[in-house]
Structures are given as C-alpha cells and as structure tokens.
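For reference, the structure is listed below as structure tokens.
Rule-based calculations on the coordinates, nothing more; no lab input. It should be emphasised that the depicted structure is a prediction, and the values quoted were computed from it without experimental measurement. Counting neighbours? That spans all protein chains shown, and the Cβs are built from the backbone with ideal geometry, glycine included.
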Amino acid sequence: MNPVDSLVRIDTLRVHGDARGSLYEPVDDRALAAQRNVHVVLTHPAEVRGNHFHRRAVETTSVMGPCRVRLKEGDAVRDVDVPAGEAWRFTIPPGVVHAYQNTGDGLLVLVSFSSIPHDPAAGDTVREVIL
C-alpha cells in the first residue's frame, strides 16, 4: 500500500463488525508498549484535524473511513482516501505534515499515539496548514 518513496507506513486493519457496530485494534501489543501518549479526536463532517508535523515524535493514527488524509513529505503532497467502513493505520515519522478531513456525514474518530509524552510547556507540534 505504501509508495516506494514514502516515509509514511499505511496499514489496513482488520475490522470486526456485527449488528451492534464495528471494532478494530489500532495498534498491536508490541507497538502499544512503545507509545508514550494516546489521544482520541472526534471530528464533525467536512472538518479538518491535524495540519501539523512533529519535530521528534512518531505519530501513529488509526482512522475508520470515510476520511481524506493529506500527507506532505518534503515538497510532495498526496491525498489518501480511506473508504467508508475500513480502518487504516498511518505511522508518520517526524517532519511529515499530516491532516485528516472527515469526508462522511457522521463523526470521524481518530485514535492517535505518540512516541513521546505530551508536554504543553515544550510542544513538539509545528502547525502547517495543508488541508
């Protein structure tokens, strides 16, 4: 699923669904042990989250579509559209700008993990609007 020259790893996650809804695991046990922060983001239809990069942290975000993910690696910008009902995980290294747009008509749920703790006094996030 990853272009050869991309720094971002993209994985399709297995979704378990029944009449009650859907379930997926955003990271496996090995990846979970390496995380230092987790946050859940709820985004309304047509709205955008992200529009930033991290100086030091690797951010791992899972999303269940529909969602447009815009990535900027160096000067290259690309869109990745996550189809409705599919869960994808994006592992984003430092320096890669990323943004998420809800392209559906319900709430979009993002679950994000970071390799460093959140420190409001010494932020790792740099804002850059790409979407």
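One table, with the values for the structure above:
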{"item": "Whole-Hz couplings from phi, Karplus 6.51/-1.76/1.60, listed for the stretch 102-114; x for Gly and Pro", "result": "6, 9, x, 10, x, 5, 9, 10, 10, 10, 10, 10, 10"}
{"item": "GNM top mover of His98, His54, His16 - the chain, alpha-carbon springs below 10 Å", "result": "His16"}
{"item": "Sparsely packed trypsin sites (Lys or Arg not before Pro) within the stretch 37-131, loop by DSSP, other Cβ within 10 Å at most 12", "result": "Arg55, Arg56"}
{"item": "Length-normalised contact order for the chain - Cα pairs under 8 Å, 6+ apart - percent", "result": "36"}
{"item": "Other-chain or far-sequence residues with amide H under 5 Å of Ile92's (modelled H)", "result": "Glu59, Thr60, Thr61"}
{"item": "Alpha-carbon centroids, the stretch 8-28 and the stretch 35-90: separation in whole Å", "result": "15"}
{"item": "Listed residues Val15, Val58, Val38, most fluctuating in the chain (Gaussian network, C-alpha, under 10 Å)", "result": "Val15"}
{"item": "Most fluctuating residue given options Ser22, Ser62, Ser114, as computed from a GNM of the chain linking Cα atoms under 10 Å", "result": "Ser22"}
